[in-house]
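Data first, discussion second: the structure below is written as C-alpha cells.
The values are calculated or read from the model by the stated rules, or taken from the named source; none is laboratory data. What you see is a predicted model; the values in this text were computed from it and never measured. For neighbour counting, all protein chains shown are included, and Cβ atoms are generated from backbone atoms with ideal geometry for every residue, glycine included. Quick note on the areas: whole protein, heavy atoms, side chains included, nothing else; ligands and nucleic acids left out. Shrake-Rupley method; radii C 1.70, N 1.55, O 1.52, S 1.80 Å.
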Amino acid sequence: MHPDLLRLGFVVILSGAAGLLAGNFLTGLTLGFLVCLIWQYRRLKNISTFLRDDGEQKPPDTPGIVNEIVREIEFLRARHKQREDELTGILSRFEEAIVALPDAVIVMDAESHVEWANEKASEYLGIRSPRDRGHRLSHIFRQPELLDFLAQEDKDNPQKSLLIASPVNADISLEIRITRYAGSSLLLVAGNVTDIQRANRMRKDFIANASHELRTPLTVISGYLEAIDNETDELSTGWQARIKQMRSQARRMQNLIEDLLKLSRLESKPSADLDNEVDITELISVIHDEAQTLSAAQIHTFNLEIQAGLVVKGDQDSLYSAFSNIVFNAVQYSPSGGVIGIKWYRTGTGACLEVTDTGEGIPAEHIQRVTERFYRVDKARSREKGGTGLGLAIVKHVMVQHEAELKISSEPGRGTTVTCHLPAHRVVAAE
Ligand code: ADP
C-alpha cells in the first residue's frame, strides 16, 4: 500500500482509538487530522524552501507522494544542470575558438552596434570588447572607404569585401567582409592579408619592371631588323626568310611585352579611376575603325547595332582594352568573308556589349579556361596570328574591376559570342 494511505490509516486508527478512550471519538479524529495537516504543511514548506534555495537544504526523506515529487524535481534539476554545463562548455569552447582565430571578429546587432569582439579586433581595428560594447561601428571608424563599405548593406549590388590598411597600423593590410546572420545580426570579419598583398605587389612590380627593361632593347633590335628587311635585295633568299622570321618573332615579343605592361597597369589602377563617364558609342566607333584595318584583305562584314546615349561609369582605357580585344579576336579567329556583329544595348539589369562572329569557335572544354593568362586553344595558330594568350585575361580583369559579367558561348565551326554585362549602377544615361 502507498505510504501516504498507510500513514493516514494509522492516524485515523490512533486518533480514533485515543478519542474513544477519552470519551469523544470525533474530537480525537479531528485532532488527529489536524496534527496530520500541520505535519503536511511543514513538509510542503520545507519543499518550498528547498526549491527556493536552489536545493541547498534537502527536505526530510519521508516516503510518500511529496517525496516522489521532490525526487522528480531533483532529477529534472540535475538534468537541466547537466545540459547547462554542456552548453556553457560548448559556448566557452566556441568563444575560445573565435578568440584564437587569426582574423578579427566583431559581432554586431542589426544597427551595427558592437556586441562582442575578439582580441584580434583590437589589434587590427582598435575595437575592444567590452569597452566599445553598444557603440555604433560607423561612429568609431574614420576612413571614408570603410564607412562607405559599412553603409552599403542595403544597396542592390553591395561590394563583397574591402581591402584596406588597418586603422591602427598602416603596415597591416586587411580584407574586411560583413555577413548577416540569425536574421538581422551582423558579423564583421577582417583577415590579415599583408603577406599576400606584399607578394602580389612584388609580382606586379617584377612583371612591370622586367617588361620595361625588355622593351627598350627589343625596340632597338626590331628597328635594326626592319632596316635590314628594307634592304633585303643584297641578301640571299635564305637570309631574307630568316630576317622575316626574326622580325615576326620580335613583333610577337613586343606584343607580349605590351600586353604584360597593359595588364600590370590595369592591376595597379586606383579604384577612383573607375568612376569616369565613358561614352561607349564613341569607343565602339574607334574600335570598329581599327577592326576594319585589322580585317584588311580578309573583308569581314561588320553589323553594328548601337543604342545611342548609353554612357557608363568606368575607366576608358581599361574598357577600350577589353572591348577591343574581344572585337579583334572576332576578326582574327574568323575566316575571310566572316560576319562580325557588335551590339551595345540597355538591359533590364544594366547594359550589354555583345560581339558575335562566324569563326572557327571554341570547343566547349576550353571555354572555361580561355580567360586564364597564356591559355590558348591552339598555341601554334595563336602565335601565327600574333596572339599573346593575354587578351581574354585582360578582358576578364577589366570586367571584374567594373563588376561586370563576362560570358563566352561558342559552337565550334559556327562561331563565338562574347557578352560583357555591366551592372545597372554603372549605367549613367540611356535614351
Ligand atoms: P590570343 O592572344 O591567343 O588571341 P586571347 O586571350 O585573346 O589570346 O584568347 C585566348 C584563346 O581563346 C585564343 O588563343 C583562341 O584560341 C581563343 N579565342 C578567343 N576569342 C576567340 C574567338 N572569337 N573565336 C575563336 N577562338 C577564340
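Values computed for the structure shown
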| read-out | value |
| --- | --- |
| Within the stretch 317-340, considering residues that are more than 8 Å from the ligand (Cβ to nearest atom) and part of a loop (DSSP other than H, G, I, E, B), the one surrounded by the most Cβ atoms within 10 Å (Cβ to Cβ) | Gly338 |
| Test: Asp259 is within 16 Å of the ligand (Cβ to nearest atom), out of contact with any Asp or Glu (no Cβ under 9 Å at 6 or more places or on another chain) and over 30 Å from Glu145 (Cα atoms) | yes |
| Selection count, the stretch 171-193, where residues are open to solvent by 20 Å² or more (accessible area, probe 1.4 Å) and either under 14 Å from Glu123 (Cβ atoms) or in a strand (DSSP E or B) (or both) | 13 |
| Checklist (1) modelled with pLDDT of 90 or more; (2) of a type in the set (Phe, Trp, Tyr); (3) in contact with a helix residue (DSSP H, G or I) (Cβ under 8 Å, 6 or more places away or on another chain) applied to Tyr124, failing item | (3) |
| Every residue from the stretch 278-298 that is of a type in the set (Gly, Ala, Ser) and either under 27 Å from Arg265 (Cα atoms) or buried (at least 22 other Cβ atoms within 10 Å of the Cβ) (or both) | Ser285, Ala291 |
| Sole exception among (1) of a type in the set (Lys, Arg); (2) within 12 Å of the ligand (Cβ to nearest atom); (3) not in a helix (DSSP H, G or I) for Lys343, by number | (2) |
| Hey, Glu234 more than 30 Å from Leu256 (Cβ to Cβ), without any contact (Cβ under 8 Å) to a residue 24 or more places away in the chain and not assigned by TED's automatic domain parsing to the domain that holds Ala117 or not | yes |
| Qualifying residue in the stretch 299-310 (condition: among the hydrophobic types (A, V, I, L, M, F, W, C) and surrounded by 18 or more Cβ atoms within 10 Å (Cβ to Cβ)) | yes |
| Criterion violated by Leu274 - all others in (1) open to solvent by 70 Å² or more (accessible area, probe 1.4 Å); (2) touching a strand residue (DSSP E or B) at 6+ places or on another chain (Cβ under 7 Å) satisfied | (1) |
| Any hit, the stretch 353-374, residues being away from the ligand (no atom under 13 Å from the Cβ), within 28 Å of Asp273 (Cα to Cα) and buried (at least 17 other Cβ atoms within 10 Å of the Cβ) | yes |
| The lone exception for Val66 - which of (1) part of a helix (DSSP H, G or I); (2) hydrophobic (A, V, I, L, M, F, W, C); (3) open to solvent by less than 90 Å² (accessible area, probe 1.4 Å); (4) modelled with pLDDT of 85 or more it fails | (4) |
| Scan of the stretch 201-238 for residues that are surrounded by fewer than 10 Cβ atoms within 10 Å (Cβ to Cβ) and among the acidic types (Asp, Glu), ordered by number | Glu231, Asp233, Glu234 |
| Which numbered condition Ile394 fails, given (1) within 21 Å of the chain's Cα centre (by Cα); (2) under 18 Å from Tyr320 (Cβ atoms) | (1) |
| Residue within the stretch 112-135 that is in a loop (DSSP other than H, G, I, E, B), in contact (Cβ under 8 Å) with a residue 40 or more places away in the chain and open to solvent by 30 Å² or more (accessible area, probe 1.4 Å) present | no |
| Residue within the stretch 269-283 that is of a type outside the set (Gly, Ala, Ser), without any contact (Cβ under 8 Å) to a residue 24 or more places away in the chain and assigned to a helix (DSSP H, G or I) present | yes |
| Residues of the stretch 196-218 that turn out to be more than 25 Å from Ala250 (Cβ to Cβ) and more than 33 Å from the chain's Cα centre (by Cα), as a count | 0 |
| Criterion: open to solvent by less than 40 Å² (accessible area, probe 1.4 Å) and near the ligand (Cβ under 8 Å from one of its atoms) - qualifying residue of Val377, Val395 | Val395 |
| Residue among Arg71, Arg77 that is open to solvent by 100 Å² or more (accessible area, probe 1.4 Å), in a helix (DSSP H, G or I) and among the basic types (Lys, Arg) | Arg71 |
| Top-ranked residue in the stretch 98-111 [being assigned to a loop (DSSP other than H, G, I, E, B) and in contact with a helix residue (DSSP H, G or I) (Cβ under 8 Å, 6 or more places away or on another chain); ranked as most open to solvent (accessible area, probe 1.4 Å)] | Pro102 |
| Residue count for the stretch 346-364, restricted to those that are more than 14 Å from Ser409 (Cβ to Cβ) and outside any loop (DSSP other than H, G, I, E, B) | 5 |
| Scope the stretch 345-366; condition closer than 27 Å to Arg426 by Cα and touching a residue at least 40 places away in the same chain (Cβ under 8 Å); matching residues | Tyr345, Arg346, Thr347, Thr349, Gly350, Ala351, Cys352, Leu353, Glu354, Val355, Thr356, Asp357 |
| Which numbered condition Lys407 misses (of (1) within 11 Å of the ligand (Cβ to nearest atom); (2) open to solvent by 70 Å² or more (accessible area, probe 1.4 Å); (3) out of contact with any Phe, Trp or Tyr (no Cβ under 7 Å at 6 or more places or on another chain)) | (1) |
